[in-house]
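The values are calculated or read from the model by the stated rules, or taken from the named source; none is laboratory data. Please read these numbers as outputs of a predicted model, since none were measured by experiment. Virtual Cβ from ideal backbone geometry, glycine too; neighbours counted across all protein chains shown. We work out accessible area using only protein heavy atoms, side chains counted, and drop any ligands, DNA or RNA first. Shrake-Rupley method; radii C 1.70, N 1.55, O 1.52, S 1.80 Å.
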Amino acid sequence: MSEDIAFNRTFDVPPGRVDEVSPLVRRILAPNPSPFTFTGTCSYIIGRGQVAILDPGPDDPAHVAALLDAVRHETVTHVFVTHTHRDHSPAVRAVVAATGAVTLGEGPHRAARPLAIGEVNPLDASADTDFSPAVSLGDGDTIAGAGWTLTALTTPGHCANHLAFALREDDLLFSGDHVMAWATSIVAPPDGSMGDYIHSLEKLGRREERTYLPGHGGPVSDAPNFVRAYLTHRMAREAAILRALDREVETIPDLVRGIYIGLDPRLVGAASLTVLAHLEHLVSSGRVVTDDLAPAITGRFRRAA
């Protein structure tokens, strides 16, 4: 499905084990594997002694217990959230109840655009609508702890409130679900926006960090080139959609069948929403038109004259 990207799907890490990723960073994998989460969600502990936790993960008692055990003799001062999907932020409540740490994120969950009349958000079940950070972070905001410094980078696209975080002392970046070594990120309207996502990729592509630590799977190495491959993949996907429209393929189900060859049936819904995200981007840029008031999953599409 994404042959243009050199993925690394080697990640033999058991849930609950504390792994030393760098001198300042430890990782604990949550036991929530799925076609969307790979082997599970990666939670990160940053610093030593007085520490921060980034993406505490799902509301899973075993995972929360593993996180708290890992910091048993330390003080958790901050809890950072990259975005508010249920595999990343719900454990915040238990961690904060146990530690009293301050929570930081971009803001509460929200859609990337207003819903159309009669539109139902199919992604509501995956959203953590209970989380609201004590401290809202904007692009470039920097938080310093004991021996660590994190800079927030707004990276909407996968989710409207998505943040990446640059760790100054280790010259690495926590990329959440925006860039991952094992697969491309799902961009699904109305939660996600392909235009925002591409812009955020371009933004990260201008940075110099060589290593990304993602929300799922192992590290992204040679990150600038990997981000460029991500961008090339998105451009190739839009080119494939345009070629299909030239052949008078007009509906999203037909586009998915023609473009995503050999797709896992469990991912057809996600692929359909990703194609919709591309079509929204193509309509907004004037390259595609639809007979509906706005691009819709049930709509018909054609090349602009």
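E280 falls short on exactly one of the conditions (1) within 28 Å of G40 (Cα to Cα); (2) surrounded by 19 or more Cβ atoms within 10 Å (Cβ to Cβ); (3) in contact with a Pro (Cβ under 8 Å, 6 or more places away or on another chain), and that condition is (1).
Could you tell me which residue of the range 176-204 is nearest to P214 (Cα to Cα), considering only residues that are part of a helix (DSSP H, G or I) and of a type in the set (D, E)?
Going through the range 176-204, the residues part of a helix (DSSP H, G or I) turn out to be 194-204.
Retained after the next criterion (residues that are of a type in the set (D, E)): 196, 202.
Values: D196: 19, E202: 17 Å.
Result: E202.
Among the residues making up the range 127-152, those that are in contact with an Asp or Glu (Cβ under 8 Å, 6 or more places away or on another chain) and either in the same structural domain as G299 (by the TED database) or open to solvent by 40 Å² or more (accessible area, probe 1.4 Å) (or both) are S136, G147.
Checking each residue in the range 91-103 for being within 17 Å of S136 (Cα to Cα) and in contact (Cβ under 8 Å) with a residue 40 or more places away in the chain picks out only A101.
Report whether or not V227 is part of a helix (DSSP H, G or I), without any contact (Cβ under 8 Å) to a residue 24 or more places away in the chain and hydrophobic (A, V, I, L, M, F, W, C). Can you show your working first?
Values: part of a helix (DSSP H, G or I): yes; without any contact (Cβ under 8 Å) to a residue 24 or more places away in the chain: no; hydrophobic (A, V, I, L, M, F, W, C): yes.
Spelling it out, it is not the case that V227 is part of a helix (DSSP H, G or I), without any contact (Cβ under 8 Å) to a residue 24 or more places away in the chain and hydrophobic (A, V, I, L, M, F, W, C).
For the list (1) at pLDDT 95 or above; (2) under 18 Å from S22 (Cα atoms), I need the number of the one condition that S221 fails. Of (1) at pLDDT 95 or above; (2) under 18 Å from S22 (Cα atoms), only one is false for S221: (1). Scanning the range 230-264 for residues that are under 23 Å from the mean Cα position of the chain (by Cα), in a helix (DSSP H, G or I) and in contact (Cβ under 8 Å) with a residue 60 or more places away in the chain returns Y230, T232, H233, A236. Selection over the range 1-34 of residues that are in a loop (DSSP other than H, G, I, E, B), open to solvent by less than 40 Å² (accessible area, probe 1.4 Å), of a type in the set (V, I, T) and in contact with a strand residue (DSSP E or B) (Cβ under 7 Å, 6 or more places away or on another chain) gives a count of 1. Of everything in the range 202-254 that is of a type in the set (S, T, N, Q) and either in contact with a Leu (Cβ under 7 Å, 6 or more places away or on another chain) or open to solvent by 70 Å² or more (accessible area, probe 1.4 Å) (or both), the residue that is nearest to L267 (Cα to Cα) is T232.
Condition first: open to solvent by 10 Å² or more (accessible area, probe 1.4 Å), under 22 Å from H83 (Cβ atoms) and at pLDDT 95 or above. Now tell me which residues in the range 35-66 satisfy that. It would help to see each step written out before you state the result.
In the first step, residues of the range 35-66 are kept if they are open to solvent by 10 Å² or more (accessible area, probe 1.4 Å); the result is 35-39, 48-50, 58-62, 64-66.
Pick out the ones that are also under 22 Å from H83 (Cβ atoms) and you get 35-39, 58-60, 64, 66.
Within the range 35-66, T37, F38, T39, P58, D59, D60, V64, A66 qualify.
Within the range 67-120, the residues that satisfy the criterion of being open to solvent by less than 20 Å² (accessible area, probe 1.4 Å) and in a loop (DSSP other than H, G, I, E, B) are V71, V81, T82, H83, T84, H88, S89, P90, A91, A101, G107.
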